[in-house]
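Let me begin by presenting the structure, written as structure tokens, before commenting on it.
The values are calculated or read from the model by the stated rules, or taken from the named source; none is laboratory data. Keep in mind that this is a model prediction, so the values were computed, not measured. Virtual Cβ from ideal backbone geometry, glycine too; neighbours counted across all protein chains shown.
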Amino acid sequence: MGMSSIITPEDVLESLMNDGTIDALRLKIINQLQANEELKNTAIKMAEQSKVLNTPGAEKQTKRELFDALRQDLETPVLERASKSVWELILDSNGLGKDISETVERVFCKLSGGEPPLFPNSNDERQTEKEVEDKKRKGKEKENSNSKSKKRSFIDMNAEGSATDIAGKSSDTSAAPDDAT
């Protein structure tokens, strides 16, 4: 079978990885998490209320022992809270989530040879992820019917060895927020 004219999620992900967009988005997420005072305060309160620090004899332990005990006690709940904050950022339809959706849509259009969408700045109806996916699916079907040639497909690039396992793992980690914990 020849080159496929279907633009897959892997094609979009590969493009985003290759042009540095994924790294830029990761940096934005990290910066917003670091600036999140509520998250910092929650972690501080959790540490202050920890059984580790409030157990008799804690003052006799070394800093390393306290740190290890705190980490064992608080690592999971703090990471769960941080994960929840990351998902809130990613799914925010007015902030970073909107940027991500628009970027993915632009890359999809670029790969499919279509016109990039004009994103409204007004308070028009917000699309759900399902609506966006349905539009992309319809766009793929339309593209299938009137497309001639495309860039190399993800499968072809994998066969050439220029794609890494990271792309496959990244597509597996795009689970729902509940699966991320």
(Q) Based on this model, can you work out whether residue 48 counts as modelled with pLDDT under 95 and among the charged types (D, E, K, R)? (A) yes
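Give, as residue ranges, the helices (runs of 4 or more DSSP H) completely inside the range 1-118 that count at least 2 residues that are surrounded by 15 or more Cβ atoms within 10 Å (Cβ to Cβ), aliphatic (A, V, I, L, M) and touching a residue at least 60 places away in the same chain (Cβ under 8 Å). Steps first, please.
Working: elements: 9-18, 21-34, 37-48, 63-91, 96-112.
Here the list reads 9-18, 21-34, 63-91, 96-112.
Can you tell which of 42, 62, 76, 103 is under 21 Å from residue 16 (Cα atoms) and modelled with pLDDT of 90 or more?
Values: 42 fails: under 21 Å from residue 16 (Cα atoms); 62 fails: under 21 Å from residue 16 (Cα atoms); 76 fails: under 21 Å from residue 16 (Cα atoms).
Just one listed residue meets the conditions, 103.
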